[in-house]
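Notes for the one structure printed next.
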Amino acid sequence: MFKNQTPQQLSTYIAAISAVLMALLALCCKATGIMVISWASIGLLVLSVFVVSYISNFYLVRYYIFRRIKLIYKIIHRHKLPTDFKAGKIEMGQNILDNVEEEVDQWAEQNERDIEELERLATYRRRFIGDVSHELKTPIFNIQGFIHTLLDGAIHDPDVNTKYLQRAAKNVDRLQAIVEDLETINKLEAGQMVLDLRDFDIHDLTEEVFSDLEMRARERNIRLTFKEGANQHFRVRADKESIRQVLMNLVHNSIKYGREGGLSKVSFYDMENYILLEVSDNGIGINPEHMKHVFDRFYRADKHRSREAGGTGLGLSIVKHIIEAHKQTINVRSSLGQGSTFGFTLEKA
């Protein structure tokens, strides 16, 4: 009966019960002769008890219960309430108890989500710091070893001095590449990289990428080609140099992880308002357990081979950020021993 009641209703019920009890008591006294009282006096007494009980309970609930409950609102909604809010301003006709319960539940759920998100970010931060340290440690250790060897006397040995300096320089270049890639990702994530959107032929841009990577492909005897029947010329609207970076990365990976003597194919598919571009190879493929991590920073499905082939481990993460900056999507499908296909969409011009 008293569940889900407003303060006004609750005060009315209590006052009514008090009045009924007083009426029964007065009737008993009249019936037994304990008191000589008229019916009018009984009615007036009952009415007085009802009014006094209602007012007492109303203000008791208002000032000693719901006023304090209102403080909960102020704590939960501190960032929403005006600075001149006062806890005493209570709408007594509202079901405040139920509202408080609902608000506290929502507040608790939101806090739980916030805590989970903070824990996820903390885990990501720890992993990221560990990955960065690991990636930087190898070239720094190599540079340190080469330089100390030269300082210990090898600088005067014509058979090794130039070779060690060249190796140290190569590791310095790798450090610079890691820093530049990290800077690129940070700009993309912070929204600081402004896209220069323009119309261009995506087929022609892909041919330029093929030309830039032709020597690398020849080293592994891999043929760069367009898929037959899906090599049409399409004009897209995007940041040309950013998309060039995406294609360079994907085609370079298809060469790096493709089967020696195999091929890397690029395909275009018309999807009304968008163009789907796919880069495929017939190489080692990606283990299913690694699929969800391929776009993570520094993640390498084949760590040993990745470092041998060079790269910073940030390429696919940059690719994903660039495509998402264009408000488009990228995906990957792969089969072990058969190859991988990376596909992304671009808006048609």
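Considering only residues that are among the β-branched types (V, I, T) and either part of a loop (DSSP other than H, G, I, E, B) or assigned by TED's automatic domain parsing to the domain that holds R235 (or both), look in the range 149-208 and name the one that is farthest from Q328 (Cα to Cα). Only one residue fits best here, namely V160. Candidates I55, I37, I17: the one that is of a type in the set (V, I, T), in contact with a Cys (Cβ under 9 Å, 6 or more places away or on another chain) and either surrounded by 12 or more Cβ atoms within 10 Å (Cβ to Cβ) or on the phi > 0 side of the Ramachandran plot (or both) is I37. Of the residues examined, T225 is one that is in the same structural domain as V319 (by TED's automatic domain parsing), β-branched (V, I, T) and surrounded by 12 or more Cβ atoms within 10 Å (Cβ to Cβ). The residues in the range 229-244 that are more than 14 Å from L277 (Cα to Cα) and either without any contact (Cβ under 8 Å) to a residue 60 or more places away in the chain or not in a strand (DSSP E or B) (or both) can be counted, and the count is 3. Of all the listed residues (E207, E183, E214, E219), the sole one being without any contact (Cβ under 8 Å) to a residue 40 or more places away in the chain and either among the hydroxyl-bearing types (S, T, Y) or touching a Leu at 6+ places or on another chain (Cβ under 9 Å) (or both) is E214.
The values are calculated or read from the model by the stated rules, or taken from the named source; none is laboratory data. Predicted model only: the values in this text are computed from it and were never measured. Ideal geometry is used to build each Cβ from the backbone, glycine not excepted, and the neighbour counts take in all protein chains shown.
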